[in-house]
Amino acid sequence: MMDKKKIVFMMMAMHMISVSAASRRTVRMAFASTSSIREKIVFMMMAMHMISASAASRRTVRMAFASTSSIRDINSSTSFRNNIKTFRQVTASTTDIISEDNTSSSPRTSSLHTVMVKRNRQSQNFREGAPLIFGNSIAATYSENGDDDSIPLGSLVAVYVSRDDAQKHKGKKYKKGKPSNEPVYAHTNYDSSEAAQHHATINNSQLIGYGVYNPHSMYRVRILCHATQHPVLAKDSKRKQKTRVEDHDSEILKSILERKMSDAMNLRLAMNLPSESTDTYRLVNGEGDGCSGLAVDIIGGSTAIVMSSAAWCEVHKVAIVEVLEGLLNDHPSYNGVDIDIIWRNTPSRLKQDGYELSFESEASDEDDTEVIATESSVKYLTYPYSNGQKTGFYCDQRDNRLMVAEYCRDKRVLDLCCYNGGFALNAMVQGAAQCVGVDSSQDAIDAATANAMKNELDPAKVSFVREDIAVYMKSAMNEEEEFDVIVLDPPKLAPNLSTLDKASRKYHALNRDAMNLINREKGGLLLTCTCSAAMTQKDGGQYFLNTVNGAGLSAKRRVTLLRVNGAAPCHTQSPASFPAGAYLTAALFHVGPVGS
């Protein structure tokens with residue numbers, strides 16, 4: 001008996017690969033005209049093959065189809081080429097339908113879905129580089145020969161703003177006080193007879209750029225190419241938009257991704273990344289590199305970890321991996337190196353973006369393959385193939401680790417929330433007298449200990465303790481321990497604004513106790529960090545500094561601000577959306593002696 005999963009897979013692939021509504025209708029009509037299950041299966045196999053215009057897409061379809069395991073009478077005994085002949089025989093009755101559909105109208109200019117935004121201050125921000133378009137900024141959406149109530153999820157769209165201030169677009173409005181992620185504007189499907197009128201409207205409008213659409217997200221459009229910032233790329237995309245090739249939207253998307261990732265690589269090369277001392281860094285950083293929702297880390301110069309946090313990344317996963325693979329193969333630093341690409345996603349972030357993963361990832365055997373990451377000449381053992389957290393390495397603190405280490409020679413250092421020991425290891429390499437790392441996770445302690453051994457550090461001088469940092473600090477105070485330098489780098493305590501008050505009290509208490517462990521006679525340094533965007537962005541960053549200052553008052557220690565840093569520069573940010581992309585604050589304070 002035929003496997004239903006195989007049939008469902010092919011139906012879904014046909015529908016998704018066929019990018020135009022006209023092609024989807026043709027596929028459905030032709031499929032309905034076949035009679036037996038076997039004929040339908042063979043038809044779907046060949047339709048997938050033929051609809052998919054690019055060789056890369058055809059390879060993807062064949063590989064995915066081959067990975068399924070049933071329908072042996074077709075998949076095992078009949079080759080793909082032989083099925084072409086079978087397809088032509090069993091679907092002879094569908095030829096008239098296909099021909100009729102393709103010749104029912106005169107040759108036309110293909111059109112992308114169109115998003116028309118309101119002409120106001122917000123649209124001015126979009127023209128100047130703001131990457132995210134909210135639903136209430138959209139006036140109307142349009143699809144040529146569409147048959148849906150909305151532009152489909154993940155579709156590439158051309159974003160315009162009318163040049164006419166008086167132009168009106170009918171649509172729903174938000175109810176005051178009740179924001180919604182559902183579309184609140186009119187969506188129009190127009191056919192070929194109405195195309196001229198639509199194109200006249202477009203010609204009277206200004207192109208903002210190209211982006212990806214999500215009808216379920218508060219970020220309705222994520223702009224990937226701004227016409228003002230990339231005029232040549234936008235012009236080329238507009239030229240491709242006017243071609244009659246069915247998959248022109250996928251070609252446009254790939255060309256945009258190639259340009260954005262290529263620019264990101266060249267930017268890192270300008271930062272001397274990678275280098276002899278550092279082979280682990282952020283290659284693509286979301287909105288900072290014009291790829292909202294997409295990040296790529298290079299680990300150990302041998303592994304690329306793609307992190308998806310937006311629906312469009314999941315929809316266009318194949319294209320993203322294909323483009324990244326091609327660019328890494330041509331990267332001057334990786335000649336002869338086969339970079340392995342690993343795909344990761346964040347289900348919670350995807351859910352916020354209105355995208356539910358259709359199935360849970362199948363449990364796989366734990367892969368303990370080690371990849372050695374080098375950062376500022378310090379080596380770390382990472383396990384990117386395991387089911388660990390994110391990439392298994394945080395490269396955003398690279399510059400801060402090196403910066404504070406330079407002040408640690410002959411000093412006693414405490415690394416709180418040490419994770420894999422980054423701050424402690426850098427301090428030891430720079431000549432610290434002693435380092436103690438504390439973390440509540442045994443996995444973190446094991447990793448930090450292994451990293452210390454990897455760097456051949458003296459175990460008598462560097463140690464790691466599993467303990468809640470608040471408990472550890474109180475115990476250390478009772479034992480009258482003192483440190484010259486303390487690093488406090490807790491996990492995210494304020495995931496959103498609603499938790500900010502509670503988090504600020506926690507930050508206050510932790511910083512107060514840390515200050516009480518600073519050398520009472522001579523004073524010392526405190527590097528205190530927050531990776532909570534809500535805390536970092538509140539009052540332009542002043543809120544966090546006030547919290548630390550309040551902790552100093554409670555500890556009765558005078559604090560002096562020396563510097564404030566963010567993430568390492570490979571974690572790029574878009575000036576048009578700053579400070580929205582800022583999440584990390586690392587503030588270095590001098591804590592004065594007791595009674596000073």
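See the values below:
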{"item": "Under the Karplus curve 6.51 cos²θ - 1.76 cosθ + 1.60, θ = phi - 60°, whole-Hz ³J(HN,Hα) for region 322-334, x wherever Gly or Pro sits", "result": "4, 5, 4, 4, x, 6, 5, 5, 9, 5, x, 8, 10"}
{"item": "Rg ratio (alpha-carbon, reference 2.2 N^0.38 Å) - region 231-284", "result": "1.55"}
{"item": "Length-normalised contact order of region 439-496 in % [C-alpha pairs under 8 Å, at least 6 apart]", "result": "35"}
{"item": "Value of Rg/Rh across region 448-585 [Cα atoms, Kirkwood radius]", "result": "1.00"}
{"item": "Phi-based couplings in Hz for region 150-161 (Karplus 6.51, -1.76, 1.60; Gly and Pro marked x)", "result": "8, 5, x, 4, x, 5, 6, 10, 9, 9, 10, 10"}
{"item": "List W343, W312, ordered by accessible area with a 1.4 Å probe, largest first", "result": "W343, W312"}
{"item": "Relative contact order computed over region 540-596 (Cα-Cα under 8 Å; 6+ residues apart), in percent", "result": "46"}
{"item": "Under the Karplus curve 6.51 cos²θ - 1.76 cosθ + 1.60, θ = phi - 60°, whole-Hz ³J(HN,Hα) for region 274-290, x wherever Gly or Pro sits", "result": "x, 9, 5, 9, 9, 10, 10, 6, 8, 8, 10, 10, x, 4, x, 10, x"}
{"item": "Long-range amide H partners of S155 with built H, under 5 Å", "result": "Y213"}
{"item": "Paramagnetic reach from M271 (point 7 Å along Cα→Cβ, amide N under 12 Å) across region 560-596", "result": "566-574"}
{"item": "Region 276-324: GluC sites (Glu not before Pro) in DSSP coil with no more than 14 other Cβ atoms inside 10 Å", "result": "E276"}
{"item": "Region 228-317: relative contact order in percent, alpha carbon pairs under 8 Å with at least 6 residues between", "result": "16"}
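The values are calculated or read from the model by the stated rules, or taken from the named source; none is laboratory data. Being a predicted model, the structure only gives us computed values, none of them experimental. No Cβ is skipped: glycine too gets one built from the backbone with ideal geometry, and neighbour counts run over all protein chains shown. We work out accessible area using only protein heavy atoms, side chains counted, and drop any ligands, DNA or RNA first. Shrake-Rupley method; radii C 1.70, N 1.55, O 1.52, S 1.80 Å.
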